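The values are calculated or read from the model by the stated rules, or taken from the named source; none is laboratory data. None of these values were measured; they are calculated from a predicted model. For neighbour counting, all protein chains shown are included, and Cβ atoms are generated from backbone atoms with ideal geometry for every residue, glycine included.
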Amino acid sequence: MLTKESLWGLEEYSDRREQFRHEVLEYKKVRRIQLGEHLYLMFEDETTIKYQIQEMLRIEKIFDSSGIQDELDAYNPLIPDGDNLKCTMLIQYEDPEERKEWLSKLVGVEDKVWLQIGDNEKVFPIADEDIERTREEKTSSVHFLRYQLSAEQIAALETGAPMRAGVDHHAYSCDDITIQDDVRRSLIGDLKVA
């Protein structure tokens, strides 16, 4: 969990920003998967969330303790707890009309994006614990997902079992994928058994 002491002040962040931004963009390359043409999962952890908070503090020019704490309270829940993986799910369509049409077709998709470790059962996410992001007529283009893993699934992942992902939603057609080894290894780092 990030604290105020984990963060840089606005002036120090300004000095470090370019280098940190470059490091985080490189780091994110092994934390992202694409499912089909329009759905992306960005797996979050302390590094990605620290960058997000630092950027929010910079953009909003927040420097007071209560404002910083508000940002920490908003973003800390997106950091994995040791027995789960957490990600931001993005649905991206460039054309606004096409996006509007597909967001109405994809209601509930956030509950249908699964992970599977080895031969274990598929794990479906707990979606949007912060706020409801789907209405009956359309879904949001951004969702926050938590994949709760069993000790058996974690052990399988740590011993080299392949990891797969897919979408079981009637309106979104895409092939299941095997998650690349570098991404799988990065995600294992999120699973710190207490």
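Let me spell it out: the conditions are (1) closer than 26 Å to residue 75 by Cα; (2) in contact with a Ser or Thr (Cβ under 9 Å, 6 or more places away or on another chain); (3) part of a helix (DSSP H, G or I), and residue 107 meets all of them except one. Which number is the exception?
(3)
Within region 22-35, count every residue that is exposed (fewer than 14 other Cβ atoms within 10 Å of the Cβ) and either small (Gly, Ala, Ser) or in a loop (DSSP other than H, G, I, E, B) (or both). Steps first, please.
Narrowing region 22-35 to residues exposed (fewer than 14 other Cβ atoms within 10 Å of the Cβ): 22-23, 25-26, 29.
Restricting the remaining residues to those that are either small (Gly, Ala, Ser) or in a loop (DSSP other than H, G, I, E, B) (or both) gives 29.
Going through region 22-35 one residue at a time, the tally reaches 1.
Can you tell me which of 184, 164 is in contact with a strand residue (DSSP E or B) (Cβ under 6 Å, 6 or more places away or on another chain), in a helix (DSSP H, G or I) and of a type outside the set (A, V, I, L, M, F, W, C)? Before the answer, list the steps.
Numbers: 164 fails: in a helix (DSSP H, G or I).
Answer to the check: 184.
Answer yes or no: is there a residue in region 117-124 that is touching a Lys or Arg at 6+ places or on another chain (Cβ under 7 Å), buried (at least 19 other Cβ atoms within 10 Å of the Cβ) and closer than 20 Å to residue 166 by Cα.
No, every residue in region 117-124 fails to be touching a Lys or Arg at 6+ places or on another chain (Cβ under 7 Å), buried (at least 19 other Cβ atoms within 10 Å of the Cβ) and closer than 20 Å to residue 166 by Cα.
Answer yes if at least one residue in region 51-64 is surrounded by fewer than 17 Cβ atoms within 10 Å (Cβ to Cβ), closer than 30 Å to residue 171 by Cα and under 20 Å from the mean Cα position of the chain (by Cα), and no otherwise.
no
Can residue 113 be described as closer than 19 Å to residue 154 by Cα and buried (at least 18 other Cβ atoms within 10 Å of the Cβ)? Can you show your working first?
Details: closer than 19 Å to residue 154 by Cα: yes; buried (at least 18 other Cβ atoms within 10 Å of the Cβ): yes.
Against the criterion (closer than 19 Å to residue 154 by Cα and buried (at least 18 other Cβ atoms within 10 Å of the Cβ)), residue 113 qualifies.
With the requirement that a residue be in contact (Cβ under 8 Å) with a residue 60 or more places away in the chain and either out of contact with any strand residue (DSSP E or B) (no Cβ under 9 Å at 6 or more places or on another chain) or farther than 17 Å from residue 109 by Cα (or both), what does region 132-149 give you?
Of the residues in region 132-149, the ones in contact (Cβ under 8 Å) with a residue 60 or more places away in the chain are 144-149.
148, 149, listed by residue number.
Just checking, how many residues over region 37-77 are of a type outside the set (Asp, Glu) and in a loop (DSSP other than H, G, I, E, B)? Spell out the reasoning first.
Our first condition is that a residue be of a type outside the set (Asp, Glu); within region 37-77, this holds for 38-43, 47-54, 56-59, 61-63, 65-69, 72, 74-77.
Narrowing the set further to residues that are in a loop (DSSP other than H, G, I, E, B) leaves 38, 61-63.
Of the residues in that region, 4 qualify.
Looking at residue 102, is it touching a residue at least 24 places away in the same chain (Cβ under 8 Å), assigned to a strand (DSSP E or B) and not polar (S, T, N, Q)? Before you say what the answer is, go through the steps one by one.
Values: touching a residue at least 24 places away in the same chain (Cβ under 8 Å): yes; assigned to a strand (DSSP E or B): no; not polar (S, T, N, Q): yes.
For residue 102, the condition - touching a residue at least 24 places away in the same chain (Cβ under 8 Å), assigned to a strand (DSSP E or B) and not polar (S, T, N, Q) - is not met.
Can you name every residue in region 167-178 that is without any contact (Cβ under 8 Å) to a residue 60 or more places away in the chain and touching a strand residue (DSSP E or B) at 6+ places or on another chain (Cβ under 8 Å)?
The initial filter retains those residues of region 167-178 that are without any contact (Cβ under 8 Å) to a residue 60 or more places away in the chain, namely 168, 170, 176, 178.
Correct list: 168, 176, 178.
So is residue 91 at pLDDT below 95 and among the aliphatic types (A, V, I, L, M) or not? Let's see the steps before the verdict.
Values: at pLDDT below 95: no; among the aliphatic types (A, V, I, L, M): yes.
Taking the combined requirement at face value, the residue does not satisfy it.
Among the numbered conditions (1) in contact with an Asp or Glu (Cβ under 8 Å, 6 or more places away or on another chain); (2) of a type in the set (Lys, Arg); (3) within 19 Å of residue 28 (Cβ to Cβ), tell me where residue 58 comes up short.
Residue 58 satisfies all of (1) in contact with an Asp or Glu (Cβ under 8 Å, 6 or more places away or on another chain); (2) of a type in the set (Lys, Arg); (3) within 19 Å of residue 28 (Cβ to Cβ) except (1).
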